[in-house]
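The values are calculated or read from the model by the stated rules, or taken from the named source; none is laboratory data. Here the structure is a predicted model, which is why all the values come from computation and not from measurement. A quick note on method: Cβ atoms are made from the backbone with ideal geometry, for glycine too, and the neighbour counts reach across all protein chains shown.
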Amino acid sequence: MALYTGKGDDGTTKLFDCPSGSRLSKSAKAVEALGNVDELNTIVGLARALNRDEPAHLTLDGAEVRYTDILMKVQQQLFIVQADLAGADKKITPEHLDYLERVIAAVTAQLPPPTSFVLSGGSPMSAILDLARTVTRRAERSIVAVNEEGIRPVSATTLAFMNRLSSLCYALARYANYQTGLTEIAPTYQ
């Protein structure tokens, strides 16, 4: 089986709900949004891979949960976002959103409150999660554009999910530094 079809060599692609035989330019906003979510999913996968050797964890619902388990769920849910954007019959549910909110609450309950903006970096895990946060915001903006321009309807739950996901990445990045004893560094604006 070949890993390519050659059908996209002309700069077009096909989404699930494209009418038979029709194709979409790879520069289309819906395709860009899909690419941004794909990039994000790859970065979350990198964070998960980095954590295999440093098993960071937190307490969620009274049980210890590893970052790798949280990040694996996020990756699975990002595939749902991609499928929805591509026209498949898959949707982010309120339960997916609730999971992110519970993890964010668990993390923030174990951290001192932020007192300022924080420079990205610190531990490798924190740095990659900060990267994931910024790519989440880019993906979110592109999904909002697809929705606002009427290119493809995006559910309020998906929009909220992407917004929460950036908060989750921020919280986990801070927690990664906290667990390794690294002090957060505020910008000096100098």
Subset of segment 61-87 [surrounded by fewer than 14 Cβ atoms within 10 Å (Cβ to Cβ), more than 16 Å from the chain's Cα centre (by Cα) and not in a strand (DSSP E or B)]: D61, G62
Scope segment 92-123; condition touching an Asp or Glu at 6+ places or on another chain (Cβ under 6 Å) and surrounded by fewer than 18 Cβ atoms within 10 Å (Cβ to Cβ); matching residues: S120
Some residue of segment 26-41 being within 25 Å of V146 (Cβ to Cβ), modelled with pLDDT under 95 and polar (S, T, N, Q): yes
Test: A156 is hydrophobic (A, V, I, L, M, F, W, C), surrounded by fewer than 21 Cβ atoms within 10 Å (Cβ to Cβ) and touching a helix residue (DSSP H, G or I) at 6+ places or on another chain (Cβ under 8 Å): no
Qualifying residue in segment 46-60 (condition: touching a Phe, Trp or Tyr at 6+ places or on another chain (Cβ under 7 Å), closer than 30 Å to P153 by Cβ and part of a loop (DSSP other than H, G, I, E, B)): no
Subset of segment 135-160 (residues that are over 9 Å from the mean Cα position of the chain (by Cα) and either within 20 Å of T68 (Cα to Cα) or not in a helix (DSSP H, G or I) (or both)): E149, G150, I151, R152, P153, V154, S155
Qualifying positions in segment 146-183 - among the β-branched types (V, I, T), modelled with pLDDT of 90 or more and under 29 Å from N51 (Cα atoms): T157, T158
Selection from segment 163-190 of residues that are in contact with a Ser or Thr (Cβ under 7 Å, 6 or more places away or on another chain), among the small types (G, A, S) and under 19 Å from Q77 (Cβ atoms): S166, A171, A173
When residues of segment 161-183 are limited to those that are surrounded by 15 or more Cβ atoms within 10 Å (Cβ to Cβ) and of a type in the set (G, A, S), the one farthest from the chain's Cα centre (by Cα): A176
